[in-house]
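Input: a single structure, listed below in structure tokens.
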Amino acid sequence: MSTEYEAGDVNVVDDEVDDEFEDDVQQDDDVVDGSAEIPLAVATYLAKSLADSPDEVDVTASARGDQVKVSVTVAPGDMGRVIGRRGRTAQALRTLVAAAGAKAGVKTNVDIVDV
């Protein structure tokens, strides 16, 4: 058995951000030189997928030290759906966004903002 890497051995995430969600992503100009695009796109996609009112989902990013803070705001009626029972859905959202951030080389912190 060969221990060398062969193309196609593992799943690879494309470096391109899905254009469908690129327009929905808002970020401050000082956010770590654009490397927050992937985690923002992931957070936007997941939040809109979970919400009953996807038009009311707002995802923004700001730099906080060496981290990117991703703030997710949803309609009051969707808060329970995004947080989930005992916060399990919110924790899964944070894990997926952190993985996307790691792919982009940035540490992320996801806050679900109560309106």
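The values are calculated or read from the model by the stated rules, or taken from the named source; none is laboratory data. Computed from a predicted structure; not experimentally measured. A quick note on method: Cβ atoms are made from the backbone with ideal geometry, for glycine too, and the neighbour counts reach across all protein chains shown.
Of note:
- Qualifying residue in segment 92-105 (condition: at pLDDT 90 or above, within 20 Å of D52 (Cβ to Cβ) and more than 14 Å from the chain's Cα centre (by Cα)): no
- Across segment 55-96, the number of residues qualifying as among the charged types (D, E, K, R) and either in contact with a Leu (Cβ under 9 Å, 6 or more places away or on another chain) or buried (at least 17 other Cβ atoms within 10 Å of the Cβ) (or both) comes to 4.
- Qualifying residue in segment 97-111 (condition: surrounded by 14 or more Cβ atoms within 10 Å (Cβ to Cβ) and of a type in the set (D, E)): no
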